[in-house]
Amino acid sequence: MDLQRLLSRDRGRDAEERACRFLAAHGLALVTRNYRCRQGEIDLIMRDGGTIVFVEVRYRGNRRFAGGAES
């Protein structure tokens, strides 16, 4: 695996960790990370009271490739 890909993966993991801490600080509880199934993968599954919340974390180093919401 090349260095750029390793750095990108590390940034993605860091963004997921920061998102998880942010949501936990706002009262959500982590259920699982990086849940995989035949249809794909979801970064974080959290619980907000009686509600299950599915979180897809999108990291962008710059706006050249659009923001997370646009992607």
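Laid out as a table, the results:
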quantity	calculated
Checking S71 against (1) within 13 Å of the chain's Cα centre (by Cα); (2) modelled with pLDDT under 90; (3) among the hydroxyl-bearing types (S, T, Y), the condition it does not meet	(1)
Count of the stretch 27-68 residues which are at pLDDT 70 or above, of a type in the set (G, A, S) and closer than 18 Å to R9 by Cα	1
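The values are calculated or read from the model by the stated rules, or taken from the named source; none is laboratory data. None of the values given here were measured: they were computed from a predicted structure.
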